[in-house]
Amino acid sequence: MTKTADTQPELWVVRHGETEWSRAGRHTSRTDLPLTSDGETAAKGLRSQLEHVEFVTVLTSPLRRARDTATLAGFGTAVHEPAMVEWSYGEYEGLTTPEIREHVPGWTVWTHETPGGETPGDVGDRVDGLIDRVIAGGTRRTLVFTHAHVGRVLAARWIGLPPSEGRRFRLDTAAVSVLSWDREARAIGSWNA
C-alpha cells in the first residue's frame, strides 16, 4: 500500500510566545528568558487551535520560553528535544541586526558568520536528524514547540531546501505551522498561522 498525504507523518511547528528580547528584535538563543504577559496570553490562545488535534508525540525545546508555551497551550508533558533549541548566535547573543550591521555591513544570520555560534549547516544537521526520526517513526502527527530561526530551517529542510533558505519563511511568535505532504512529496501544509 502506498502512503498518501493522509497517512504520512506530519510535523506541527509552534514558535514560542513573545519575550522581551523577541519584542525588541534581539537575537536570543541560549539566554533563557520568560514569556511576557502578552506571550503568556498568546500561548494560552494556542490551546483552542491545538486541543482538537490528536498528536502522538509532543516535543519542546528545553528552553523556558518554549517549555512555558507548551505548558500554557495544554501540553505540559512535552518531551524535551535538544535539536529544537534555538540557533546559537555566539557573540551576537542579545544584539539586534542593526547593532551587528554597525560592524558587519549587510549582516544576516543566513549569509554571514556568527562568531562563536552556529552556521546554517549546523542547524540544518540538527533539524535533519529530527525530520528523519519523525518520518522513520511513522507517527501520524508530531507537535514541536520551538524558536524562530530553527523553525524556519526546519521548514526549509522539510521541503528539501538548503538551511539558508529558511530566510524565506517568516515565523511570528505563537504561530502554528504544519509541515505535511502533497502525495509523496513533503510540502508546507500551512505556515505562520
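Read-outs throughout are calculated quantities, based only on the coordinates presented, and are distinct from any laboratory measurement. Nothing here was measured: the structure is a model prediction, and the numbers come from that model. Cβ: placed from backbone, ideal geometry, glycine included. Neighbour counts: every protein chain shown.
Here are the numbers:
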item	result
In the range 27-64, residue farthest from Thr7 (Cα to Cα) [restricted to those that are of a type in the set (Lys, Arg) and in a helix (DSSP H, G or I)]	Arg64
Filter result for the condition that a residue is touching a residue at least 60 places away in the same chain (Cβ under 8 Å) and in contact with a Phe, Trp or Tyr (Cβ under 7 Å, 6 or more places away or on another chain), over Thr114, Thr7, Thr60, Thr96	Thr60
Identity of the residue in the range 59-106, over 18 Å from Arg126 (Cβ atoms) and aromatic (Phe, Trp, Tyr), that ends up farthest from the chain's Cα centre (by Cα)	Tyr92
Given (1) of a type outside the set (D, E, K, R); (2) buried (at least 18 other Cβ atoms within 10 Å of the Cβ); (3) farther than 28 Å from Leu35 by Cα, number of the condition Thr173 does not satisfy	(3)
Single residue of the range 70-81 satisfying the filter (within 26 Å of Arg157 (Cα to Cα) and free of Cβ contacts under 8 Å to residues at least 24 places away in the same chain) that is surrounded by the most Cβ atoms within 10 Å (Cβ to Cβ)	His80
Residue identified as over 14 Å from Thr146 (Cα atoms), buried (at least 16 other Cβ atoms within 10 Å of the Cβ), basic (Lys, Arg) and in contact with a strand residue (DSSP E or B) (Cβ under 7 Å, 6 or more places away or on another chain) among Arg26, Arg67	Arg26
In the range 157-184, residue farthest from His80 (Cα to Cα) [restricted to those that are aliphatic (A, V, I, L, M) and touching a residue at least 24 places away in the same chain (Cβ under 8 Å)]	Ile159
Pairs, first in a loop (DSSP other than H, G, I, E, B) in the range 10-26, second among the basic types (Lys, Arg), C-beta under 6 Å, six or more apart	His16/Arg65; Thr19/Arg65
Breaking point among (1) surrounded by fewer than 17 Cβ atoms within 10 Å (Cβ to Cβ); (2) charged (D, E, K, R); (3) part of a loop (DSSP other than H, G, I, E, B), for Glu118	(1)
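Condition check ((1) within 25 Å of Gly39 (Cβ to Cβ); (2) of a type outside the set (A, V, I, L, M, F, W, C)) across all residues:
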{"position": "Pro82", "(1), (2)": "yes, yes"}
{"position": "Arg101", "(1), (2)": "no, yes"}
{"position": "Glu118", "(1), (2)": "yes, yes"}
{"position": "Gly121", "(1), (2)": "no, yes"}
{"position": "Ile131", "(1), (2)": "no, no"}
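Residue-wise test of (1) of a type outside the set (A, V, I, L, M, F, W, C); (2) more than 26 Å from Leu46 (Cβ to Cβ).
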{"position": "Glu93", "(1), (2)": "yes, yes"}
{"position": "Pro105", "(1), (2)": "yes, yes"}
{"position": "Pro120", "(1), (2)": "yes, yes"}
{"position": "Ile131", "(1), (2)": "no, no"}
{"position": "Val134", "(1), (2)": "no, no"}
{"position": "Val144", "(1), (2)": "no, no"}
{"position": "Gly151", "(1), (2)": "yes, no"}
